[in-house]
1. If you scan the range 216-231, which residues turn out to be among the basic types (K, R) and either under 22 Å from T31 (Cα atoms) or touching a strand residue (DSSP E or B) at 6+ places or on another chain (Cβ under 6 Å) (or both)?
2. For L143, indicate whether it is surrounded by fewer than 22 Cβ atoms within 10 Å (Cβ to Cβ), out of contact with any helix residue (DSSP H, G or I) (no Cβ under 8 Å at 6 or more places or on another chain) and within 19 Å of I347 (Cα to Cα).
3. Name every residue in the range 190-205 that is within 16 Å of the ligand (Cβ to nearest atom), at pLDDT 95 or above and surrounded by 24 or more Cβ atoms within 10 Å (Cβ to Cβ), in order of residue number.
4. Only one residue in I250, I308 is within 15 Å of the ligand (Cβ to nearest atom) and of a type in the set (A, V, I, L, M), so which one is that?
5. Name the pairs: first residue in the range 1-25 and over 15 Å from M191 (Cα atoms), second residue buried (at least 16 other Cβ atoms within 10 Å of the Cβ) and modelled with pLDDT under 60, Cβ to Cβ under 7 Å, at least 6 apart or on different chains?
6. Quick one: would you say F248 is crowded, with 17+ Cβ neighbours inside 10 Å, in contact with a strand residue (DSSP E or B) (Cβ under 6 Å, 6 or more places away or on another chain) and under 27 Å from G56 (Cα atoms)?
7. If you check K258 against the conditions, is it in contact with an Asp or Glu (Cβ under 8 Å, 6 or more places away or on another chain), more than 29 Å from E52 (Cβ to Cβ) and modelled with pLDDT under 95?
8. Take the conditions touching a Cys at 6+ places or on another chain (Cβ under 8 Å) and farther than 27 Å from D330 by Cα and apply them to V275. Does it pass?
Amino acid sequence: MSVHNQVGNQPEADELFGLLEQLFPITRSITGQGVRTSLAILQEHAPLNIVEYSSGTKVYDWTIPKEWNIQDAYIADENGNRIVDYQENGLHVVGYSIPINSKMSFTELLPYLHTLPNLPNAIPYRTSYYKESWGFCLTQNQLDTMDHSADYEVVIRSELTEGSLVLGEALLKGESEKELLISTYCCHPWMANDNQSGMVVATFLHRYLAQKKKLRYSYRFVWLPETIGAITYLAHNEEVMKAIEGGFVISCCGGQGKISYKETYLGNHLMDRAVMLAFRDQGIEPWMRPFAPDGSDERQYSMPAFRIPMCTISKDKYYDYRYYHTSLDDLEFVSGDNLLATYRLYIDAIEILEKNVTYKTLMPYCEPQLGRRGLYPLTGGGVNQSVNDEESVNSVSAQLDAITWMMFLADGGADLVTIAERSGQPIDSLFEAAEKLKEKGLLEITCE
Ligand code: ZN
């Protein structure tokens with residue numbers, strides 16, 4: 001489906017990137033003020049409810065941890081100069097670090113320092129959510145300048161308190177009780193592609209759908225900390241989850257690499273087929289990534305008790321890019337245009353699902369006389385033949401192809417997705433043809 005047929009308020013690349021920039025320098029984690037601040041920013045674009053679950057709450061095999069907040073952290077040399085400074089980049093501290101205020105030798109400090117020797121100018125992203133620990137992340141270049149015989153002042157001003165896990169939730173009611181789930185995570189600090197890009201794209205998908213006059217499906221949006229957030233949400237919404245037909249885990253939408261597609265655990269579910277048609281009609285061949293029970297929250301939603309088919313369109317997908325989980329996954333690495341490209345694929349896949357009804361011909365005995373109904377060029381012989389105005393001939397032929405395929409395949413057993421797959425015709429053209437045929441009394445919808 002071409003983008004010009006999408007309705008509603010389409011964002012500009014700059015708008016997507018602008019929101020990403022706002023979210024970038026915030027120290028988020030699986031709990032804490034950073035998540036609240038980020039969700040408050042998203043609330044300016046989507047009316048999401050903020051829900052809090054207390055520390056210590058049991059959620060299946062897990063327990064919601066204490067809330068973590070941090071004010072400051074640094075390593076200073078003997079002259080008091082901060083050589084590693086949390087204020088410059090939130091990635092410098094291992095997420096969930098316990099407080100520390102100590103003087104120690106380089107040798108004592110070294111086990112608490114994390115670097116990436118293969119990417120010497122990158123700060124790695126490290127966390128320790130469930131084991132009380134502390135640490136600093138720095139570039140290999142920074143580590144190389146440290147004096148092995150010196151003492152260092154090591155300070156982390158953080159707190160672990162009985163607080164809560166915070167998530168954002170928004171429900172858009174459609175005509176059907178059947179829901180599609182749009183889930184993204186909001187727990188990574190200071191990285192643009194993983195996962196601020198997902199927060200941004202999900203928010204603009206919400207804006208698009210909220211402005212549509214008619215929705216077939218209902219849509220449940222969640223912005224939550226990865227793993228523990230999804231587990232918490234599932235544990236508190238088991239009944240609700242039964243109405244969910246499928247969904248998207250939105251992650252890594254703005255990188256520079258090839259667009260990839262991670263299939264649902266079923267691989268050939270309607271979700272997969274709709275996404276494949278979105279790619280096909282945009283002329284994009286995705287890098288196919290079969291389902292594996294790793295990655296993001298699809299592995300929670302698709303577990304045996306839920307079995308919700310979840311899929312992901314990415315650019316570049318986590319694991320696949322060199323800057324993954326490093327400070328080089330920054331505002332230079334993503335672009336508004338890349339965010340928009342991924343956003344458009346999601347919108348097209350959603351539009352395909354929205355339009356996917358089953359049609360039945362009312363003229364099953366031989367083909368109807370289209371010319372009499374204004375659906376066929378009145379002068380015979382000109383179809384598929386190049387004359388002066390090539391474009392208009394092509395467009396007439398294309399419309400006619402869509403009409404004839406629709407009349408041929410709409411036997412009451414095939415939905416629009418099946419007809420598009422079998423005919424090779426663009427979804428847009430088939431939908432337009434179906435509208436015309438319905439108007440002329442040649443076609444009816446049998447199954448919404
Ligand atoms: Zn990640």
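The values are calculated or read from the model by the stated rules, or taken from the named source; none is laboratory data. Just so it is clear, the model here is predicted, and its values are computed rather than measured. Note that we place each Cβ from the backbone using ideal geometry, even for glycine, and neighbour counts take in every protein chain shown.
1. R220
2. For L143, the condition - surrounded by fewer than 22 Cβ atoms within 10 Å (Cβ to Cβ), out of contact with any helix residue (DSSP H, G or I) (no Cβ under 8 Å at 6 or more places or on another chain) and within 19 Å of I347 (Cα to Cα) - is not met.
3. Filtering the range 190-205 down to residues within 16 Å of the ligand (Cβ to nearest atom) leaves 190-202.
Imposing the further condition that a residue be at pLDDT 95 or above reduces the set to 190-194, 196-202.
If the condition is that a residue be within 16 Å of the ligand (Cβ to nearest atom), at pLDDT 95 or above and surrounded by 24 or more Cβ atoms within 10 Å (Cβ to Cβ), then M191, A192, N193, D194, Q196, S197, G198, M199, V200, V201, A202 are the ones that fit.
4. I250
5. none
6. Criteria not met by F248.
7. On the way: in contact with an Asp or Glu (Cβ under 8 Å, 6 or more places away or on another chain): yes; more than 29 Å from E52 (Cβ to Cβ): yes; modelled with pLDDT under 95: yes.
Spelling it out, K258 is indeed in contact with an Asp or Glu (Cβ under 8 Å, 6 or more places away or on another chain), more than 29 Å from E52 (Cβ to Cβ) and modelled with pLDDT under 95.
8. Criteria met by V275.
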